[in-house]
Amino acid sequence: MATTINSNMAVVSKVFCSSSEVVLVVRRRPHVVNGGGFIVTNCAQNVVFKVDGCGILGKKEELILKDSYGHDLLLIRKKGGVIEALSMQRKWRGYSKDFEGYEKLVFCLKEPKNSCFLKKMPIKISIEQKDYNDHKTFQIAGYFPDRSCSIIDSSGNVIAKVGARKEVQQVMPSNDVYTVTVKAGIDQAFVVGVIAILDYIYDGSTKC
């Protein structure tokens with residue numbers, strides 16, 4: 001039986017952990033107007049996060065998560081090299097910056113290299129911080145392109161859930177606007193960073 005999450009799960013920063021469940025709204029930006037990527041708003045329709053993809057950055061397989069003020073929170077890039085080329089999985093890495101401006105590895109996400117296995121093999125995420133004492137492994141359950149998936153921890157707890165926005169679907173079926181429900185105590189910046197990678201993997205607005 002899944003247990004209840006009580007403490008803050010600060011991966012990027014405890015600033016992004018709320019004492020109550022939060023529903024975020026993701027709106028994809030068109031490539032032709034804003035260079036792609038997406039913005040994330042809260043229930044008050046205030047922008048809380050922005051994600052820039054290669055349409056803005058000019059680099060493939062690289063993403064930047066920013067806060068509402070435009071400050072960089074995460075630099076996300078896909079790992080390359082000979083070992084990666086021979087592996088059965090592709091690895092994405094999310095980095096934050098410490099007080100001195102150095103990149104610090106925060107988490108890794110592994111996706112099956114063969115697109116045929118994306119529905120069969122789970123996408124896995126691991127927290128790479130040495131001083132992090134909560135759940136360190138997660139996986140994606142469901143299928144992101146259908147806007148029906150969850151991030152679950154190693155105990156089976158759902159920490160965040162992606163869903164279609166009902167009022168939008170009733171007017172016009174679209175995957176350009178959807179919700180992400182983040183459980184209390186969970187780092188919202190970490191969750192949005194994972195969503196950004198999923199968007200890129202499935203040829204979303206962050207990909208050129």
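A Förster radius of 22 Å, combined with the Cβ-Cβ distance separating Ser20 from Ala44, puts the computed FRET efficiency at roughly 0.95. One decimal place: the segment Tyr102-His71 gains 9.7 nm when fully extended, by the rule 0.36 nm per residue minus the C-alpha distance. Between Asp176 and Ala164, the simple spin-label model (points 7 angstrom out along Cα→Cβ) gives 1.6 nm.
Paramagnetic label reach from Gln129 (point 7 Å along Cα→Cβ; backbone nitrogen cut-off under 15 Å): within region 11-28, residues 11-18. For the set Met121, Met9, the ranking by accessible area, highest first and with no ligand, DNA or RNA atoms included, is Met121, Met9 under a 1.4 Å probe.
At a 10 angstrom cut-off on C-beta neighbours, averaged per residue, how do the peptides 44-57, 190-203 rank from highest to lowest? Working shown, then result.
Numbers: 44-57: 17.9, 190-203: 23.8.
Result, highest mean first: 190-203, 44-57.
State which entries of Lys66/Lys136; Lys14/Lys59; Lys59/Lys136; Lys78/Lys161 exceed 27 angstrom in Cα-Cα distance in the structure shown.
Values: Lys66/Lys136 23 Å; Lys14/Lys59 30 Å; Lys59/Lys136 29 Å; Lys78/Lys161 24 Å.
Beyond 27 Å between Cα atoms: Lys14/Lys59; Lys59/Lys136.
For region 148-154, 3J(HN,Hα) computed residue by residue from phi via the Karplus equation (6.51, -1.76, 1.60; θ = phi - 60°) reads 8, 7, 9, 9, 10, 8, 5 Hz, glycine and proline entered as x.
The values are calculated or read from the model by the stated rules, or taken from the named source; none is laboratory data. Here the structure is a predicted model, which means the values were calculated and not measured. Every residue, glycine as well, gets a Cβ built from its backbone with ideal geometry; the counts of neighbours run over all protein chains shown. SASA here: full protein model, heavy atoms, side chains in, ligands and nucleic acids out. Shrake-Rupley method; radii C 1.70, N 1.55, O 1.52, S 1.80 Å.
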